[in-house]
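FYI, it's all coordinate maths here, none of it is from the lab. Being a predicted model, the structure only gives us computed values, none of them experimental. Positions of Cβ are generated from backbone atoms using ideal geometry, with glycine treated the same way; all protein chains shown enter the neighbour counts.
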Amino acid sequence: MPEAVRNVIILGSGPAGLTAAIYAGRADLQPLVIEGIQPGGQLMITTDVENYPGFEHGVTGPDLMEVMKKQAARFGAEFVQAAVDRVELGGDLKTIFAGKRQWQCRALIICTGATARWLGIESEELLKGHGVSACATCDGFFFKNKVIAVIGGGDTALEEATFLTKFGSKVYVIHRRDELRASKAMQDKAFKNPKIEFVWNSLVDEVLGAADKGVTGLRLKNTKTGALNELECQGLFVAIGHDPNTKVFEGILDMDPRGYLLVQNGSTQTNVPGVFAAGDVADHKYRQAVTAAGMGCMAALDAERYLSH
């Protein structure tokens with residue numbers, strides 16, 4: 001049997017979910033936050049956040065999420081750690097399933113985020129937050145006058161590489177093939193940049209370095225010859241895309257071809273009345289903590305208006 005019907009359930013506990021919880025809590029909607037597999041979202045693996053307003057000297061990702069969670073709890077938000085495996089969104093009440101537990105709500109705010117695609121090698125995992133990153137706008141500042149490598153061949157990779165030339169002394173773009181899939185405009189911009197050098201037909205075999213010293217280089221494998229060689233660098237940015245966490249909503253909510261939830265223009269409303277989406281689950285363009293928080297605020301206000309009708 002479902003537990004007591006809630007006014008608002010929020011799925012996800014990153015900046016979007018927690019901001020939605022703060023606003024919904026202040027509106028006396030007593031929101032329930034189902035935190036997901038990784039409470040706090042992607043910021044839990046971000047060591048230093050220096051671009052979130054209000055923190056003059058920066059803040060660690062986990063500390064920022066902890067402060068936001070306490071703020072939401074102060075306004076009556078409840079938290080449960082569970083991973084949603086099924087939803088039923090037809091009708092006035094939405095039903096959320098997680099294992100043997102189920103909840104019902106009148107309004108649902110989806111803030112399940114997106115997951116960066118990683119290379120999936122052990123050395124990358126060990127050095128995440130110690131020179132390995134998936135977000136240039138978050139972490140580029142820490143690599144002033146250093147040699148940086150970017151993995152990828154699409155628009156995101158070239159955008160990140162171009163952005164990183166503001167900080168790094170040199171930026172290598174490492175791609176597994178000998179041609180890019182990025183748009184011609186992005187390619188032209190990157191090829192003209194004197195700080196960017198392309199390393200073709202190469203995969204990362206190992207990230208070299210240690211957690212206390214950071215990244216010292218990469219061992220690369222040539223995709224045509226199999227030959228191994230080392231490239232010296234102090235930072236690695238993986239830019240091979242993100243996957244929105246929307247699998248449980250397939251066939252229920254409208255999505256773009258990549259799986260991001262579609263919302264109405266100027267709103268966080270999905271195609272199902274009473275279901276709203278905020279943060280990286282619906283935003284593949286900006287993907288910042290502050291924009292996610294802004295969308296979380298919008299979703300809570302949208303949900304409040306929906307419930308008052």
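General remarks:
- Working note: Karplus 6.51/-1.76/1.60 with θ = phi - 60° gives the range 70-78 the couplings 4, 5, 5, 5, 4, 9, x, 5, 9 Hz, where Gly and Pro are set to x.
- Backbone phi angles across the range 13-20, fed through the Karplus curve with coefficients 6.51, -1.76 and 1.60 (θ = phi - 60°), yield HN-Hα couplings of 9, x, x, 5, x, 6, 5, 4 Hz in residue order; Gly and Pro are listed as x.
- Share antiparallel - DSSP beta bridges, the chain, percent rounded to 5: 45 percent
- Relative to the longest principal axis of the Cα atoms of the chain, the long axis of helix 155-164 lies at roughly 70 degrees.
- Exposure proxy order (Cβ contacts within 10 Å, fewest to most) of HIS57, HIS130: HIS57, HIS130
- Spatially proximal aspartates and glutamates relative to LYS144 (Cα-Cα < 18 Å; intrachain offsets below 8 disregarded): ASP48, GLU50, GLU159, GLU160, GLU197, GLU232
- Per-residue Cβ neighbour rank within 10 angstrom, fewest leading, ILE110, ILE9: ILE9, ILE110
- For the range 92-102, 3J(HN,Hα) computed residue by residue from phi via the Karplus equation (6.51, -1.76, 1.60; θ = phi - 60°) reads 5, 9, 9, 10, 10, 10, 9, x, 8, 9, 8 Hz, glycine and proline entered as x.
- The amide H of ASP205, built 1.01 Å from its N in the peptide plane, has ARG219, LEU220, LYS221 as neighbours under 5 Å, considering only residues 5 or more places off or on other chains.
- Largest-first ellipsoid semi-axes for the range 118-238, taking √(5λ) over the Cα gyration tensor eigenvalues, angstrom: 20, 18, 12
- Local electrostatic count at CYS135 - Lys and Arg +1, Asp and Glu -1, tallied over other residues with Cβ under 13 Å: -3
- Set of lysines near LYS100 by C-alpha distance (under 27 Å), chain-local residues within fewer than 8 positions excluded: LYS69, LYS247
- Top positive-direction residue, dipole computed over the chain with Cβ charges, set VAL147, ALA72, LEU89: VAL147
- Along the chain, longest interval not containing exposed chymotrypsin sites (Phe, Trp or Tyr not before Pro), exposed being DSSP loop plus at most 15 other Cβ atoms within 10 Å: 119-285
- Scanning residues 5 or more positions from GLN102 or on other chains, those with amide H under 5 Å from its amide H are GLU3, with H placed 1.01 Å from N in the peptide plane.
- Annotation: the antiparallel percentage among DSSP beta bridges lying fully within the range 118-238 is about 45.
- Shown here: the range 15-118, whose C-alpha atoms stretch 47, 37, 19 Å along the first, second and third principal axes, sorted largest to smallest.
- Where GluC sites (Glu not before Pro) in DSSP loops with at most 14 other Cβ within 10 Å are excluded, longest remaining stretch of the chain: 57-178
- Among SER133, SER123, SER308, the ranking by other beta carbons within 10 Å of each residue's beta carbon, starting with the fewest, stands as SER308, SER123, SER133.
- Using alpha-carbon coordinates, inclination of helix 289-308 to the longest axis of the chain, degrees: 20 degrees
- Per-residue ellipticity at 222 nm computed for the chain from its helices equals -7000 deg cm²/dmol, with DSSP H segments shorter than 4 residues left out and the rest contributing -39,500 (n - 2.57).
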